[in-house]
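Trainee: Below you'll find the structure I mean.
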Amino acid sequence: MALLTLNNVEVVYDRVFLAVKGVSIEVPERGLVALLGANGAGKSTILKSISGLLKPERGEVSRGEVSFAGEDILALDPPDRVRRGIAHVLEGRRVFGHLTPEENLIAAASMHRDRGHVTALIDKVFGMFPRLKQRAKAKAGYLSGGEQQMLAIGRALMTEPKLLMLDEPSLGLAPFLVDEIFDIVRSINADSGVAVLLVEQNAAAALDIAEQAYLIENGRILMGGAAEVLSSNPDVAEAYLGGN
Ligand code: ATP
């Protein structure tokens, strides 16, 4: 059984604008799946329909089926989805700039009552991101873009997700940092068994670590399948991989 299944999902903004037009995707247990596509294709909106971050009071509505671990979650609010095991790292690395990395991690772990457990999770995150440990005393606002991205991922891991959704983790980062972040994402998936749904415009880097990928265009799935099949498709190479 898939961990996450979207079946014919539509998302409307402003009551009338159909941004996602009947998308069906699956993320297997422990899978690593990428959503690729240009700016405005609807990738971030798909993630919001999964984490529940749409705002119905502003006319933002998701329809269709979103099921997680066999349960239809579309009616659940975002904290309930986090408790089910869904973590969403938004685009733009939102960390608390006035708090240290450790304080950021503690703030993300409010669901855990057991302090010893929180400390063990912090140690685990610092083990994955040694750079964060080195900057333990700095305010997060003074960390580099790459370090803030690491902290944003670390915060998500404090909720002990079954599914980690990452929105454009490579955005604005130097190439060596992109490699470092993608290596860490790969090891979170491989070593901890956390399934990953990765939204990326850097299709080459994403296809390198993903098992499956979907190409989103104008709110629809244009193509989906094994990452190596998409990488070797000439149309994908031409449009998304710089013609290589
Ligand atoms: P990006 O990488 O730029 O975030 P994306 O593929 O993630 O691109 P979305 O952000 O999901 O695309 O946007 C899909 C469409 O929905 C776009 O046409 C966008 O303008 C529109 N859209 C996104 N957010 C809103 C919103 N809050 N209100 C109205 N329209 C929106």
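The values are calculated or read from the model by the stated rules, or taken from the named source; none is laboratory data. Note that the structure is predicted; figures quoted are calculated from it, not measured. Quick reminder, even Gly has a Cβ in these numbers, built from the backbone with ideal geometry, and neighbours come from all protein chains shown.
Trainee: Could you look through the stretch 177-195, keep only residues that are over 20 Å from E147 (Cα atoms) and in contact (Cβ under 8 Å) with a residue 40 or more places away in the chain, and pick out the one that is surrounded by the most Cβ atoms within 10 Å (Cβ to Cβ)?
Mentor: For the stretch 177-195, the residue satisfying everything is A195.
Trainee: For the stretch 229-244, name all the residues that are at pLDDT 85 or above and out of contact with any helix residue (DSSP H, G or I) (no Cβ under 8 Å at 6 or more places or on another chain). Give the derivation first.
Mentor: Taking the stretch 229-244 and keeping what is at pLDDT 85 or above, we get 229-233.
Answer for the stretch 229-244, where residues must be at pLDDT 85 or above and out of contact with any helix residue (DSSP H, G or I) (no Cβ under 8 Å at 6 or more places or on another chain): V229, S232, N233.
Trainee: Still on this model: If I filter the stretch 88-106 down to residues being outside any loop (DSSP other than H, G, I, E, B) and in contact with a strand residue (DSSP E or B) (Cβ under 6 Å, 6 or more places away or on another chain), which single residue comes out as nearest to V20 (Cα to Cα)?
Mentor: Looking at residues that are outside any loop (DSSP other than H, G, I, E, B) and in contact with a strand residue (DSSP E or B) (Cβ under 6 Å, 6 or more places away or on another chain), I get H88.
Trainee: Restricting attention to the stretch 1-16, and to residues there that are at pLDDT 95 or above and within 10 Å of the ligand (Cβ to nearest atom), which single residue is nearest to N202 (Cα to Cα)?
Mentor: Filtering first and then ranking leaves V11.
Trainee: Out of all the residues in the stretch 19-40, which are at pLDDT 95 or above, within 12 Å of the ligand (Cβ to nearest atom) and farther than 17 Å from V89 by Cα?
Mentor: A19, V20, K21, V23 - these are the residues of the stretch 19-40 that are at pLDDT 95 or above, within 12 Å of the ligand (Cβ to nearest atom) and farther than 17 Å from V89 by Cα.
Trainee: List the residue pairs whose Cβ atoms are under 9 Å apart, where the first residue sits in the stretch 154-175 and is polar (S, T, N, Q), the second is within 15 Å of the ligand (Cβ to nearest atom) and part of a strand (DSSP E or B), and the two are 6 or more positions apart or on different chains.
Mentor: S170/E200
Trainee: Here's another thing I want to ask about it. Within the stretch 49-87, which residues are assigned to a strand (DSSP E or B) and acidic (D, E)?
Mentor: Those that are assigned to a strand (DSSP E or B) and acidic (D, E): E65, E71, D72.
Trainee: Taking the criterion of being modelled with pLDDT of 95 or more, within 15 Å of the chain's Cα centre (by Cα) and farther than 20 Å from N104 by Cα, would at least one residue in the stretch 156-166 satisfy it?
Mentor: Yes: the stretch 156-166 contains one or more residues that are modelled with pLDDT of 95 or more, within 15 Å of the chain's Cα centre (by Cα) and farther than 20 Å from N104 by Cα.
Residue-by-condition table, conditions (1) farther than 22 Å from L171 by Cα; (2) of a type in the set (S, T, N, Q); (3) at pLDDT 95 or above:
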position	(1), (2), (3)
K48	no, no, yes
S110	yes, yes, no
R113	yes, no, no
H117	yes, no, no
I122	yes, no, yes
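Trainee: Which is on the phi < 0 side of the Ramachandran plot, of a type outside the set (S, T, N, Q), within 16 Å of the ligand (Cβ to nearest atom) and surrounded by 13 or more Cβ atoms within 10 Å (Cβ to Cβ), of I106, I50?
Mentor: So the residue among I106, I50 that is on the phi < 0 side of the Ramachandran plot, of a type outside the set (S, T, N, Q), within 16 Å of the ligand (Cβ to nearest atom) and surrounded by 13 or more Cβ atoms within 10 Å (Cβ to Cβ) is I50.
Trainee: May I pose another question? Any residue in the stretch 58-69 that is within 14 Å of the ligand (Cβ to nearest atom) and surrounded by fewer than 14 Cβ atoms within 10 Å (Cβ to Cβ)?
Mentor: yes
Trainee: Taking only the stretch 204-216 into account, find how many residues are farther than 24 Å from E10 by Cα and within 14 Å of the ligand (Cβ to nearest atom).
Mentor: Initially, the stretch 204-216 is screened for residues farther than 24 Å from E10 by Cα, giving 204-211.
Keeping just the survivors that are within 14 Å of the ligand (Cβ to nearest atom) gives 206.
Number of matching residues: 1.
Trainee: Would you say L36 is closer than 16 Å to G219 by Cα, surrounded by fewer than 17 Cβ atoms within 10 Å (Cβ to Cβ) and among the aliphatic types (A, V, I, L, M)?
Mentor: Values: closer than 16 Å to G219 by Cα: yes; surrounded by fewer than 17 Cβ atoms within 10 Å (Cβ to Cβ): no; among the aliphatic types (A, V, I, L, M): yes.
For L36, the condition - closer than 16 Å to G219 by Cα, surrounded by fewer than 17 Cβ atoms within 10 Å (Cβ to Cβ) and among the aliphatic types (A, V, I, L, M) - is not met.
Trainee: Taking the options A190, A226, A210, A239, name whichever one is among the aliphatic types (A, V, I, L, M) and under 15 Å from the mean Cα position of the chain (by Cα).
Mentor: The match here is A210.
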